[in-house]
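J.: My questions all concern the structure below.
All of the numbers you see were taken from the coordinates with simple rules; none came from a lab. If you're wondering where the values come from, they're calculated on a predicted model, not measured in any experiment. Virtual Cβ from ideal backbone geometry, glycine too; neighbours counted across all protein chains shown.
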Amino acid sequence: MQRRELFSFLSSSVKNSLADKETKVTLIRPPYFDDIAAFDIECQNCEGLCATSCQEQIIIIQEDKTPILDFSKSGCTYCDDCAVACTPNVLNIENKKLIDATISINQSSCMSWEGVMCFSCKDPCLEDAIDFKAMFMPTINQDKCTSCGFCISRCPTYAIGVSE
């Protein structure tokens, strides 16, 4: 792949990924809930302490006052701070579990799948859940992945996505 082709590929991938991100909002909740319906009921009178206590600042309070995770800048460390701060007890440490989401790599947008050596997603993965076939072709090992989201913001072409 020549340099001109590489930059053309990167530019088109970023534009396509940004367009996809703008049209679809994935509702990923923090990992400490037991009853998903409690968000719509109990969070209405809350001041969003879960968001202000989040060390990674990935909890966003939506217009309907419910919290969602935004992996565009960082990921979840499972530090428990949001659950401790939650006064309505929608989030509770006793209900700690993995984030209910699936992380995946879009092979057509991934630089490594196009033959460019890139390990941007592998480096921040604390669980070593990203496997490479040879030096290229990364895949998410779902048995190891905690859906923390740290790999998402590190991808230069936005090839890593999250779904419910």
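J.: With an 8 Å Cα cut-off and a minimum separation of 6 or more residues, compute the relative contact order for the stretch 39-144 in percent. The partial results should precede the final answer.
T.: On the way: 125 pairs, mean separation 19.1, N = 106.
Here the relative contact order equals 18 percent.
J.: Gain in length, Q62 to T102, computed as 0.36 nm per residue apart minus the alpha-carbon separation, to one decimal in nm? Can you show the working numbers first?
T.: Working: separation 40, 0.36 × 40 = 14.40 nm, distance 2.13 nm.
So the chain would gain 12.3 nm between Q62 and T102.
J.: Right, another one. I need the calculated FRET efficiency for the pair A134 and S163, taking r as the beta carbon distance and R₀ as 25 Å, to the nearest 0.05.
T.: Working: r = 27 Å, r/R0 = 1.08.
E(calc), rounded to 0.05, equals 0.40.
J.: Here's a follow-up. Please give me the summed charge of the neighbours of M137: other residues whose Cβ is under 13 Å from its Cβ, Lys and Arg +1, Asp and Glu -1. Mind dumping the intermediate values first?
T.: Working: positive: K122, K133; negative: E114, D131.
After counting each charged neighbour, the total is 0.
J.: If the reach is capped at under 13 angstrom between alpha carbons, list the aspartates and glutamates near K73, excluding any in the same chain fewer than eight residues apart.
T.: Output for K73: E56.
J.: Sticking with this one: Please compute one quarter of the surface area of the Cα convex hull for the stretch 37-95 and express it in square nanometres. Display every interim value, and only then the final one.
T.: Numbers: hull surface 15.4 nm².
Mean projected area for the stretch 37-95: 3.8 nm², to one decimal.
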